[in-house]
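Structure, as structure tokens:
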Amino acid sequence: MKEALQITEVDNDNIIVPAPKKLAIIQLSRLGDLVQTCISMEGLKTSNPDIQTTLFARKKFARPLMFILKDFFDEIILLPNLNEAKDTIDGHRLLLDSLNQVKNTTFNACINLSYSKSSGWLTTFLKSNYKLGLSYNTDGEVIIPDKWSQYIYSVVMRGTFNKINLVNIFQKIIGTNAEPRVITNPNNNYNRITINPFSSSEKKNWKPNKWVEIIFKIAKKHREKTVAIIGGKNDRHMAKVIEESPILAPFRSRINFHVGNTLQENSQIIKSSDLIISHDSLTAHMASFYKRPNIIISLGTVRVEETAPFLENSFLISPTTNCFPCFPNDQCSDYKCHADVSYQLVSEVIDRVLNETSMENVSFKDLPVFLTSSAQVFKTKFSSEGLLTTTSMTETTLKAKNLFGSLLRVATLFLHQNIEETIPFPRISRELHQDFLQTLLGLQHLYELAEFGKKYSRFILEEVTKTTPNLVEIKSYSTKIDEIDHLQNLLSKTYSLLIPVIEIHTVKKANLIGNNIVELTESSFWCYDQCSKMCSILYDLIENTLAESKHNLAQSRTPEV
């Protein structure tokens with residue numbers, strides 16, 4: 001960010017006064033994303049006190065959170081609901097109408113942290129010396145110039161491989177330091193447990209009967225605690241079902257319903273709670289924002305590592321269902337992932353967290369197998385670089401996509417930030433072993449194609465620097481590069497684990513930097529070089545993982561003397 005923001009100066013009576021740096025942040029996503037954005041902005045004002053920050057957000061989401069947003073942004077531009085636009089032209093008109101107060105402002109930097117068409121066009125319309133994130137060129141083509149936004153567009157938005165927390169990614173894009181966040185006053189006894197049984201999506205929501213069981217267990221076992229049920233206006237119908245449950249009748253004096261309160265009112269309840277329990281929702285991120293202990297039940301479309309509360313010692317419970325996590329548009333009739341997380345497991349996790357004075361001491365290694373056969377418990381922790389990690393606290397069968405996602409995280413952090421992150425060698429099943437042997441073969445093919453891409457890019461550079469370049473030769477080399485790109489895309493159909501690697505390369509290739517054939521070809525060379533290095537790192541990681549697994553298997557078969 002220090003490189004992105006430039007100081008302009010004005011001469012006033014021979015005194016040079018630095019003009020304030022202006023930073024625009026675009027976040028048109030939902031409430032939880034806005035809170036995550038605020039967490040990502042922490043420390044920016046301290047390290048850069050002369051920055052003036054402007055937030056562009058949707059009115060329906062920003063207005064209820066104004067009590068938080070005002071502490072991070074000097075100016076907040078509330079945008080209309082662009083979904084009401086009749087067509088693209090009408091949508092552009094609505095955007096432009098809402099920009100009147102900044103139409104004469106030139107920002108030093110503009111960062112788009114949401115990846116919708118609306119946010120892309122907004123980034124395009126704003127005047128800024130430097131733009132990060134998605135925008136459009138004059139031909140309506142997508143432009144994503146920076147590597148972390150390219151990562152979001154190619155990996156986060158297009159699959160379930162990402163294992164890097166969104167707050168950490170936002171911090172990398174904004175340029176803020178990644179500081180570990182720990183629970184404040186963990187031993188304060190507020191005698192209150194706050195529960196939000198609701199979320200914005202049915203796919204992420206347990207049915208009320210399961211929550212009734214959870215509330216019943218808490219009220220029965222922890223008689224010194226009161227239970228606060230919070231939620232929005234749209235949750236009142238479900239809240240009524242819970243409130244009228246007969247088994248909760250004996251405890252109604254200790255169960256308080258605050259469903260329909262304002263977010264600011266419910267934030268005060270969250271701040272003064274011993275424990276917050278919810279689905280992956282705004283409440284989870286509010287608990288993280290106020291650094292309060294929390295337990296999250298992750299279902300449906302939730303990606304545990306990606307959206308985990310940005311706080312050390314949070315606990316997350318998720319199913320091991322094969323189709324988890326799914327996509328919002330995936331059809332589902334039975335919600336098997338909901339059934340795979342039992343209320344007994346959640347109750348056990350709650351009890352263990354409440355019975356320990358320190359979150360560090362909570363253990364789940366001895367949980368009964370019948371509770372963890374279809375679900376697992378994660379715990380969050382920060383690395384020495386301030387990166388959030390999620391560690392499984394229960395034994396579970398590892399999926400190929402999860403392991404490859406973890407290795408992709410290691411490779412990405414090394415290539416993008418020169419961070420050497422280590423992960424423990426996992427246990428690998430025979431089936432997984434075979435999957436990764438195939439993936440090694442795919443990585444070898446992809447590596448070779450990337451090396452060919454470098455070769456023909458170099459040939460073009462050599463040709464164009466000659467006194468009389470041969471246009472036929474240049475065209476021939478360009479055709480070879482097109483064939484390489486086509487073959488790379490074909491590899492994703494055979495080796496599904498390589499999809500994110502190929503997507504990253506494709507997005508980078510579509511955003512080459514340069515204004516002439518020499519600059520573009522040089523950019524192409526380095527793009528293939530990055531792909532080649534990614535393949536090499538992943539190949540070594542997988543090879544070492546398989547070798548360690550084979551060694552451990554041989555050790556376990558060696559009879560004791």
Quiz item: Looking at region 1-76, what helices (runs of 4 or more DSSP H) fall wholly within it and have at least 3 residues that are crowded, with 17+ Cβ neighbours inside 10 Å and modelled with pLDDT of 90 or more?
Solution: 31-41
Quiz item: Taking region 334-358 as the search range and keeping residues that are under 24 Å from Asn322 (Cβ atoms) and part of a loop (DSSP other than H, G, I, E, B), which one is most open to solvent (accessible area, probe 1.4 Å)?
Solution: Asp334
Quiz item: Do we find that Ala228 is out of contact with any Asp or Glu (no Cβ under 7 Å at 6 or more places or on another chain) and crowded, with 17+ Cβ neighbours inside 10 Å in this structure?
Solution: yes
Quiz item: In region 306-327, which residues are surrounded by 21 or more Cβ atoms within 10 Å (Cβ to Cβ), hydroxyl-bearing (Ser, Thr, Tyr) and not in a helix (DSSP H, G or I)?
Solution: Ser314, Ser318
Self-check item: From the options Asn185, Asn189, residue that is touching an Asp or Glu at 6+ places or on another chain (Cβ under 9 Å) and within 30 Å of Lys291 (Cα to Cα)
Solution: Asn189
Exercise. Identify, from the list Thr160, Thr176, Thr184, the residue that is within 21 Å of Thr506 (Cα to Cα) and open to solvent by 10 Å² or more (accessible area, probe 1.4 Å).
Key: Thr160
Quiz item: Does region 234-292 hold any residues that are among the β-branched types (Val, Ile, Thr) and closer than 21 Å to Asn209 by Cβ, and which are they?
Solution: Val241, Ile242, Ile247, Ile255, Val259, Ile277, Thr283
Exercise. Being aliphatic (A, V, I, L, M), open to solvent by 50 Å² or more (accessible area, probe 1.4 Å) and modelled with pLDDT of 95 or more narrows it down to one of Leu487, Leu491, Leu497, so name that one.
Key: Leu487
Self-check item: Selection from region 80-106 of residues that are among the charged types (D, E, K, R), outside any helix (DSSP H, G or I) and modelled with pLDDT of 75 or more
Solution: Lys103
Quiz prompt | Residue that is farthest from Asp340 (Cα to Cα), among those in region 219-238 that are within 30 Å of the chain's Cα centre (by Cα) and part of a helix (DSSP H, G or I) | solution = Lys233
Self-check item: Selection from region 359-376 of residues that are open to solvent by 40 Å² or more (accessible area, probe 1.4 Å) and in a loop (DSSP other than H, G, I, E, B)
Solution: Ser363, Lys365, Asp366, Pro368, Ser373
Quiz item: Are there any pairs with C-beta distances below 7 angstrom linking a residue in region 424-451 that is of a type in the set (D, E, K, R) to a residue that is part of a helix (DSSP H, G or I), with the two at least 6 apart or on different chains, and if so which?
Solution: Asp435/Ala400; Glu451/Ser532
Quiz prompt | Condition met for Lys207 (farther than 17 Å from Val353 by Cβ and among the basic types (Lys, Arg)) | solution = yes
Quiz item: Just checking, which of Thr412, Thr396 is open to solvent by less than 60 Å² (accessible area, probe 1.4 Å), outside any strand (DSSP E or B) and closer than 17 Å to Leu497 by Cβ?
Solution: Thr412
Quiz item: Can you pull out the residues in region 429-464 that are among the charged types (D, E, K, R) and open to solvent by 40 Å² or more (accessible area, probe 1.4 Å)?
Solution: Arg430, Glu431, Asp435, Glu448, Glu451, Lys455, Arg458, Glu462
Quiz item: Looking at (1) under 25 Å from the mean Cα position of the chain (by Cα); (2) not in a loop (DSSP other than H, G, I, E, B), which is the one condition that is false for Glu420?
Solution: (2)
Self-check item: Phe216 vs. criteria within 30 Å of Asp334 (Cα to Cα), part of a strand (DSSP E or B) and open to solvent by less than 70 Å² (accessible area, probe 1.4 Å)
Solution: no
Quiz item: (1) open to solvent by less than 40 Å² (accessible area, probe 1.4 Å); (2) over 28 Å from Glu431 (Cβ atoms); (3) in contact with a Cys (Cβ under 9 Å, 6 or more places away or on another chain): which one isn't true of Leu512, the others all being true?
Solution: (1)
Quiz item: Among (1) open to solvent by 20 Å² or more (accessible area, probe 1.4 Å); (2) in contact (Cβ under 8 Å) with a residue 60 or more places away in the chain; (3) assigned to a helix (DSSP H, G or I), where does Gly405 come up short?
Solution: (1)
Quiz item: Just checking, how many residues over region 349-394 are closer than 15 Å to Ile295 by Cα and not charged (D, E, K, R)?
Solution: 19
Quiz item: Under the condition of being touching a Leu at 6+ places or on another chain (Cβ under 8 Å) and assigned to a helix (DSSP H, G or I), which residue from region 429-439 is nearest to Ser524 (Cα to Cα)?
Solution: Thr439
Quiz item: Among the residues of region 263-305 satisfying the criterion of being in contact with a Lys or Arg (Cβ under 7 Å, 6 or more places away or on another chain) and β-branched (Val, Ile, Thr), which is surrounded by the fewest Cβ atoms within 10 Å (Cβ to Cβ)?
Solution: Thr301
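The values are calculated or read from the model by the stated rules, or taken from the named source; none is laboratory data. Note that the structure is predicted; figures quoted are calculated from it, not measured. FYI the Cβ positions are ideal-geometry reconstructions off the backbone, even for glycines, and counts take in every protein chain you see. Ligands, DNA and RNA are stripped out before the accessible areas are found, and what is left, the full protein with its side chains, is counted by its heavy atoms. Shrake-Rupley method; radii C 1.70, N 1.55, O 1.52, S 1.80 Å.
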